[in-house]
1. Here are Val49, Val41: which of them is under 19 Å from the mean Cα position of the chain (by Cα) and either of a type in the set (Asp, Glu) or surrounded by 12 or more Cβ atoms within 10 Å (Cβ to Cβ) (or both)?
2. Checking His21 against (1) on the phi > 0 side of the Ramachandran plot; (2) open to solvent by 60 Å² or more (accessible area, probe 1.4 Å), only one condition comes out false. Which one?
3. Is it fair to say Arg92 is over 12 Å from the mean Cα position of the chain (by Cα) and not in a loop (DSSP other than H, G, I, E, B)?
4. For residues that are touching a residue at least 24 places away in the same chain (Cβ under 8 Å) and assigned to a strand (DSSP E or B), tally how many sit in segment 26-67.
5. Out of segment 59-82, which residues are in contact with a strand residue (DSSP E or B) (Cβ under 8 Å, 6 or more places away or on another chain), closer than 16 Å to Asn32 by Cα and surrounded by fewer than 18 Cβ atoms within 10 Å (Cβ to Cβ)?
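The values are calculated or read from the model by the stated rules, or taken from the named source; none is laboratory data. Just so it is clear, the model here is predicted, and its values are computed rather than measured. Reconstructed Cβ throughout: ideal geometry from the backbone, glycine too, with neighbour counts over all protein chains shown. For the accessible areas, the whole protein counts, side chains as well, though only heavy atoms, and no ligand, DNA or RNA atoms are used. Shrake-Rupley method; radii C 1.70, N 1.55, O 1.52, S 1.80 Å.
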Amino acid sequence: MAKLFFVGLDGTEKSYRLQTHRPFTVGRDPGNDIILRDPKVSRHHAEIVFERGFFVLHDLASANGTYVNSKRVRVAPLTHGAKLRLGNSYGRFSEELPTEADGSAEPLEQPLPSPYPGELAGMPTSAVRVQLQTLPHEKMSEDDLKKKA
């Protein structure tokens, strides 16, 4: 479950649960999904979209910019623990696995088959990505390449 936490100008923290099937808008305008009552936040400041397996933050040409981990961005993938700043409003992104207490995920009767073979089966998708990036690759000699051609 992915959440955004923002600290309001009054110092209270509010959480927002993100969903993968629709974008979330952030800004000062009451029509946004996440309303930040901060004069330095644009009316339509940013949008968060689920793309290619990640939540991605898009700045909507805001006047004062959008920052992820202290870096001004136009587009940035959000990773667990990312620190956000929009105007004078600070937030953080959290992507945690659902717990039994959440009750939001129904247990499967049978596990789904893994799209990954061997030792990668059963690993979380993020761990598989890392694992796939770090697998050793065979170096092929010129003779091997000629045989394949």
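1. Details: Val41 fails: under 19 Å from the mean Cα position of the chain (by Cα).
Testing whether each residue is under 19 Å from the mean Cα position of the chain (by Cα) and either of a type in the set (Asp, Glu) or surrounded by 12 or more Cβ atoms within 10 Å (Cβ to Cβ) (or both) leaves just Val49.
2. (1)
3. The answer is no for Arg92.
4. Of the residues in that region, 11 qualify.
5. The answer is Leu60, and nothing else.
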